[in-house]
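Encoded as structure tokens, the structure appears first; notes follow it.
The values are calculated or read from the model by the stated rules, or taken from the named source; none is laboratory data. Nothing here was measured: the structure is a model prediction, and the numbers come from that model. Reconstructed Cβ throughout: ideal geometry from the backbone, glycine too, with neighbour counts over all protein chains shown.
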């Protein structure tokens with residue numbers, strides 16, 4: 001679930017509490033075939049019927065909202081399977097296809113583990129929430145089976161109820177630790193065996209949002225910053241000119257006043273940082289490029305003509321700072337997807353699309369004519385393959 005959706009759901013929860021209303025949280029826990037959303041998508045349903053966020057393209061929301069009212073009334077969760085491969089069954093005629101399992105649970109004040117989890121999501125802190133799912137997606141509310149919350153500091157919190165089987169608990173904790181080691185862990189349902197019993201467990205992860213660091217606060221940096229903020233990324237804009245670094249020009253972004261030679265004192269580009277060098281100044285761009293190359297940033301975009309970029313590499317080599325093949329594999333120049341962008345706004349869309357594709361591990365391109373599931377990870381390239389090698 002992305003940052004903006006998290007914020008919308010939390011705001012909806014606060015509004016429900018302020019109005020003295022109950023609420024239920026619906027989560028996609030399993031997807032088979034094609035579906036509008038993937039595992040981990042969530043929707044909030046308030047007691048007055050208000051819905052926040054979406055689970056599908058309109059196929060499921062009304063049905064899930066009805067189920068949520070029963071969950072709120074009874075105070076117990078339910079797991080329901082929806083087969084939309086033949087949506088005539090639902091009388092919808094929308095043609096979503098595929099099937100999904102949706103877990104709907106009441107949001108109660110007396111559920112501290114759930115509220116701790118929601119706090120992690122709000123703050124973008126690392127954690128994995130494991131929820132034991134009932135056997136069979138019957139849609140009938142039933143007592144919860146158990147929950148664990150795992151943090152990146154190694155602590156494990158038990159829900160109410162907890163996980164009584166020690167062997168199962170060990171397996172779940174190991175799976176959670178594996179997810180915590182991933183840069184961008186994805187929600188999924190796994191099946192665990194204990195003795196002669198099998199249980200499905202939904203594993204959802206909270207992690208910091210990706211960070212876009214824009215070097216240069218020129219006019220064309222403004223729409224790029226805006227697009228990144230819109231999709232929930234953390235944005236930092238770096239420039240030595242205070243007149244260009246204003247909240248009016250870059251709403252929602254952190255503004256860092258620093259000359260290229262001072263970057264080390266102000267910035268630390270980590271594995272979740274995406275760098276975009278766009279000072280439109282040869283010397284400043286070269287210094288920022290070198291700084292980014294020496295960091296852990298998985299993506300380094302360099303705006304501008306190819307020859308100017310190659311000239312910058314020649315200068316770095318002459319300075320004794322020749323980039324390695326691994327470093328160059330993280331560089332994108334020219335930047336963006338090839339959509340024929342011309343205006344700063346179009347270029348920003350092109351670049352943001354490339355950033356999302358690299359983060360997700362996709363190469364980009366048109367979906368038209370593609371066979372199979374559009375979210376299928378089987379043909380995802382590595383980050384360096386998605387960027388393309390720079391020689």
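Okay, here's what the table says:
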quantity	calculated
Count of the range 1-18 residues which are under 16 Å from residue 204 (Cβ atoms) and assigned to a helix (DSSP H, G or I)	5
Extreme residue, modelled with the lowest pLDDT, among residues of the range 38-72 that are on the phi > 0 side of the Ramachandran plot and out of contact with any helix residue (DSSP H, G or I) (no Cβ under 7 Å at 6 or more places or on another chain)	58
Of all residues in the range 117-139 being out of contact with any helix residue (DSSP H, G or I) (no Cβ under 9 Å at 6 or more places or on another chain) and in a loop (DSSP other than H, G, I, E, B), the one that is modelled with the lowest pLDDT	137
Looking only at the range 183-214, and only at residues there that are touching a residue at least 24 places away in the same chain (Cβ under 8 Å) and surrounded by fewer than 18 Cβ atoms within 10 Å (Cβ to Cβ), the one that is farthest from residue 281 (Cα to Cα)	195
